[in-house]
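I have placed the structure first, in the form of structure tokens, so that the comments after it can refer back to it.
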């Protein structure tokens, strides 16, 4: 009955600190099925082969991922070291000593034979032999071999078991943290790759606009020389041209920086064949993700699992702190053989053994044990709050992603219609200007409007793609 004593509080998962369902309303799309996003592997979610290869390269080379893997190995080693305290440590010792006595019986002692062993707490002695000689002197030799268990704690009140449980839960927490790093890395690589693709689109728009503005400069210049257009028209056209020139330089820099960021995330240089040439309207992920599931899906997120495992570890530490108020019972034992002759070391009559049990109870520690218990309880309370905050943060992240997902289609449709209208307006205003109907200012405004509309459309298309990636991440996808 005593061996089964456990002073740790009974663990119960805290209530879900978030609404049971995700928000509904005008900004949110209707439910799109009940499939768990966490069950969709990242290779299935990302449909572009270049993007898949880039992510795989990052998972193999990213340094943060390597640090997370090393943290798991550290925690596992600490758990195994702590678990070893549940079992006795057995030490084997072999000793030999010699001393010479003078004719009057005096001797210079080089040391009696003593066996020692190490255990969970302290040391113990094994077999000791000594030989006395009478007058006449001589050399005396002692030999001993034994096995011993030193100060093995009988864990009657669960102190060692709870420390082992805490180490195990801490190990599980690092495993969950590694999964969280993996999911975050997948999302960051995909976002960086898609951002580079969008900036390639922006660069192409700037180049096309530059060509268009260059034609305007040539036309207005020719008309100015003929006396049809004013110098003001020429300078306004030149202003547009230089703005487009600046945009080209800016986007060229941005694409280079995008590649640098991607190389850092991947942990190595991403080859040209894996880099995106454009974003366009292609699909790079699955077009839909489930949005109608209840919020308990958040409990499968690695960061939430990590917070709960840390809470379990703190709960077990309370049991260890409570056990410190009770006696500590330890066992020391040794068995071996000793002889003054090496040849007779294992002969009959040389075997001996000893066993000792000890119990210690702290009577006055001036509040140390009570303070340690209060510290463990406060750490548990902090872990509860951290767990609840993790759930709330996860709920907010999913809700934000769903809100954008519900309206992004309408935003793209509006920008597409606006870009088409701006393109048509630019064409008409140019024709009217050449026909002498409108001033060049109308054409100038139409060209700038078209440029802005095309840039806004490219930006919104990027938001659509990255929103799906974010939704996949926040729903816990990407572990497998």
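Each label point was placed 7 Å from the Cα along the Cα-to-Cβ direction; for residue 431 and residue 83 their separation is 7.9 nm.
The simple spin-label model puts a point 7 Å past each Cα toward its Cβ; for residue 92 and residue 343 those points are separated by 2.5 nm.
Mean residue ellipticity, 222 nm, helices only, the chain: the sum of -39500 (n - 2.57) across DSSP H runs of n ≥ 4, divided by residue count and rounded to 500, is -20000 deg cm²/dmol. Classify the range 228-299 from the C-alpha gyration tensor, please: rounded if a/c falls under 1.5, else prolate or oblate depending on whether a/b exceeds b/c. Prolate.
Take 13-22, 252-261 and order them by the average number of nearby Cβ atoms within 10 Å per residue, most first; the result is 252-261, 13-22.
What is the calculated FRET efficiency for residue 12 to residue 74, with r their C-beta to C-beta distance and R₀ = 30 Å, to the nearest 0.05? Given R0 = 30 Å and the Cβ-Cβ separation, E is 0.55. Relative to the dominant Cα principal axis of the chain, helix 231-266 is inclined by about 20°. Where in the range 414-450 does the amide nitrogen come within less than 11 Å of the point 7 Å from the Cα of residue 239, taken along Cα to Cβ? Label zone hits: 441, 444-445.
Taking Cα atoms only, the orientation of helix 368-434 departs from the longest principal axis of the chain by about 20 degrees. Going by the alpha-carbon gyration tensor, a ≥ b ≥ c the square roots of its eigenvalues, is the range 355-420 rounded (a/c under 1.5) or, if a/c is not under 1.5, prolate (a/b greater than b/c) versus oblate? Since a/c reaches 1.5 and a/b is larger than b/c, the shape of the range 355-420 is classed as prolate.
The packing ranking of peptides 454-462, 338-346, highest mean first, is 454-462, 338-346, where packing means the average number of other beta carbon atoms within 10 angstrom of each residue.
If the chain linking residue 215 and residue 351 were pulled fully straight, counting 0.36 nm for each residue of separation and taking away their Cα-Cα distance, it would gain 38.2 nm. A value for percent of Cα pairs over 35 Å apart was derived from the coordinates, and within the list [x] 29; [y] 39; [z] 60 it appears as [z].
You can think of it this way: the chain between residue 154 and residue 277 has 37.5 nm of extra reach, that is 0.36 nm per residue less the Cα-Cα gap.
Can you grab the distance from the C-alpha centre of the range 142-174 to the C-alpha centre of the range 453-476, Å, no decimals? Each part's Cα centre sits 53 Å from the other's. Highest mean packing comes first when the peptides 421-429, 326-334, 314-322, 176-184 are listed by Cβ atoms within 10 Å, giving 314-322, 176-184, 326-334, 421-429.
Shown here is the pair-distance distribution of the range 281-432: with all Cα-Cα distances grouped in 10 Å bins from zero up to the longest one, the shares run 8, 16, 14, 13, 12, 11, 9, 7, 5, 3, 2, 1, 0 percent. Cα centroid separation, the range 278-341 to the range 226-247: 67 Å.
The range 400-427 and the range 51-103 have Cα centres lying 58 Å from one another.
Counting only alpha carbon atoms, the long axis of helix 440-474 and the longest principal axis of the chain meet at about 30°.
Throughout, read-outs are computed from the coordinates displayed, never taken from laboratory work. This structure is a prediction, so every number in the text was calculated from the model and none was measured. With ideal geometry, Cβ positions are generated from the backbone for all residues, glycine too; neighbour counts draw on all protein chains shown.
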